[in-house]
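Data block below; observations after.
The values are calculated or read from the model by the stated rules, or taken from the named source; none is laboratory data. Bear in mind the structure is a predicted one, so any value in this text is a computation, not a measurement. Quick reminder, even Gly has a Cβ in these numbers, built from the backbone with ideal geometry, and neighbours come from all protein chains shown.
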Amino acid sequence: MDPKNTARTRTRTALRRPAPFAALTAALLLSACAGDDGNASGESTSTTGDEATTGPIGTTTWTTGASAATEPTTAATEPTTAATEPTTAATDPTTGADSDSTGTDSDTTDDTDTDTTGGLPPDFDALMEGLEEPYLHTYVGDGDGGLGHVTYFSLDPMGDDFMMLPPEEQAKVSKIQATKLASTKLPPTVEHAGVEVVGTLTVVDGDDERVQELTIKVPESWNGSLVVAGAPGTRDEFSSEALVVPWLLDRGFAYVSGNKGMTNGGADGNATMLSKTHPTAHWGMMMIDLGQWATERLGAAMHVEVDRVYVVGLSNGGYQVRRALEIDHLRVEDGEERLFDGGLDWAGAYWPDKPTLDVDEDGTVTAAEFAAADHLVSTNERAALTIGWAHAPGTLNTALAYNEDPPFAEAHPAMIEAGFDAASAPIWGAYNSTFDYLKGLGLLQFKGVGYYNFTAYVFRAELLGHSADESLPYTCYSDGGDAPPPFYAWLDNAEDGGWTEESVEWALRNANTGLFSAPLVSIFGERDGLIGLGANGQAYRDAVEANGDPALHRLYVVENGGHVDLHSDGLLDFDFNGTVGDENAADTFVPVQPYSERAFDYLVAWVEDGTDAPASTTIPSDPTDDVLDASLLSFE
């Protein structure tokens, strides 16, 4: 199938970035009054609801809605796993300030090179419409960190530079520093000039209300297109800042990301997985909400129709990408205009749907059938039970087991059956006890806690609709003593895996169908020890082959690639001997970020030029000689 024939039909002229934008933006940046906004650089300008900042021409006044001074928040229930600052790649832009975007959607396109803005300057106020407590900040890109906030990752939150920032910028610093996922081998360096708006988007859909905080960025060298980003884990709208933002801005894309209505600690009124409100049921539609709002607002601000809209996301953000394309397909079938032109899911979590789970084909998915299936909860529970509580006498979480050939040899049959690739074995122990080090900081509840039991616990509670108190019988948290937490004994004795008919219904509400009608590229690390390749990458490929259009899907498996690139730097206690990094694990992993960047380029060429992406394949790599420049990679 030609992906261009599946795209929305519209008549438009070839898009040229509005000529006044560069001059206006430069003037606006230079007109900022040093010291008025408390910015450390003294060169960028911010507007909140109660401010009116005089524009660069002298006759323009930029006025916004209600003001916001969001307090900095940090994760309370999902601890970070390393002290090293996240960094990411900075490659040369592929779209310059004077480049044209000439991709077309249909044979009705008029290729006349015409300025569709009518000479109007950008109206950045339009980016704040529809948001609660909107806040706009313009970045010079010369010492202020730019749209990618490259200086914020290492800014001392107790230092003078931090204290001189406006409260809203301080909040960004805190959110950015709360998530460390990118490899230290890929430091961001390019400070992109442009405008960023943050605020809260509320969408009322019948009896359903969806609320999420967002950030939208428009680079000075905007290429006319937009990327909607999903958030990994239960993290905030800045959690992909070091992972995808730098290379998307290099290419000139505008960018919007939300927080799925969540923060780990439920700060500032956000939901948590223990809120009894089943927040995961909204995650797919929240990508639709972001895409619709951002496309409309960006078009209004720039006085042109947005050219293309892509979706990108890691882990749970990758799930959002898949689900958003599936929902968008249903929208198109119902006669609505297509929203997304294509997507990139990076290690996306897969939630099987009813036809997949209904093994006996009686039209009902029972609790027993759900318990027996591979999904995010079951795979992590099986991993936790297989490796065992890290401080139990029979645990496999030992240096001896790590040094076996293969690592954790006794665990392989059960882990492979649970959907993990055997190549991911080196990190099984680390993910079984990731947060154990926090006990040494006085947080005794984290004794023996890792990604496996933590992820399984919070997602189970979400699907069961339990609060923190109601989930105590199967909590993963320790009392600080020598006995394993209730999680282990509860699972051993739970009937039908502890699932109920109601919890299965909630799981089915956000299940993946594998049916979409815009190109989707999936990229996965074979050493992913958290979102197992078999249960999430290959199983979703199988769902596409069974239910959808395989011609629109590619699965690229990166040899030696993991789940979190920072962990691929070897910055975990892989052998649980109390010392971080002494295993030289970095020489057994490669960062997946450059491969994701290259995969996105293949996606764009597929959508905009009609050049089919290379066939699904496993991409060889040398973990002792990491390829960090995406332009050097080929999937052919």
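Per the listing R235, R251, R331, the residue uniquely buried (at least 24 other Cβ atoms within 10 Å of the Cβ), of a type in the set (D, E, K, R) and in contact (Cβ under 8 Å) with a residue 24 or more places away in the chain is R235. Tell me yes or no: at least one residue of segment 196-212 is modelled with pLDDT of 95 or more, part of a loop (DSSP other than H, G, I, E, B), touching a His at 6+ places or on another chain (Cβ under 9 Å) and not basic (K, R). No, segment 196-212 contains no residue that is modelled with pLDDT of 95 or more, part of a loop (DSSP other than H, G, I, E, B), touching a His at 6+ places or on another chain (Cβ under 9 Å) and not basic (K, R). The set of residues in segment 185-224 that are farther than 29 Å from M285 by Cβ, crowded, with 20+ Cβ neighbours inside 10 Å and more than 18 Å from the chain's Cα centre (by Cα) comprises E191, H192, A193, E220, S221. Farther than 26 Å from P519 by Cβ, more than 19 Å from the chain's Cα centre (by Cα) and assigned to a helix (DSSP H, G or I) - does that describe any residue in segment 316-332? Within segment 316-332, not a single residue is farther than 26 Å from P519 by Cβ, more than 19 Å from the chain's Cα centre (by Cα) and assigned to a helix (DSSP H, G or I).
Candidates in segment 589-636 are the residues that are closer than 23 Å to P426 by Cβ and among the small types (G, A, S); of these, the one that is surrounded by the most Cβ atoms within 10 Å (Cβ to Cβ) is S596. Yes or no: segment 236-246 includes at least one residue that is modelled with pLDDT of 95 or more, assigned to a strand (DSSP E or B), of a type in the set (V, I, T) and under 27 Å from Q170 (Cβ atoms). Scanning segment 236-246, I find no residue that is modelled with pLDDT of 95 or more, assigned to a strand (DSSP E or B), of a type in the set (V, I, T) and under 27 Å from Q170 (Cβ atoms), so the answer is no.
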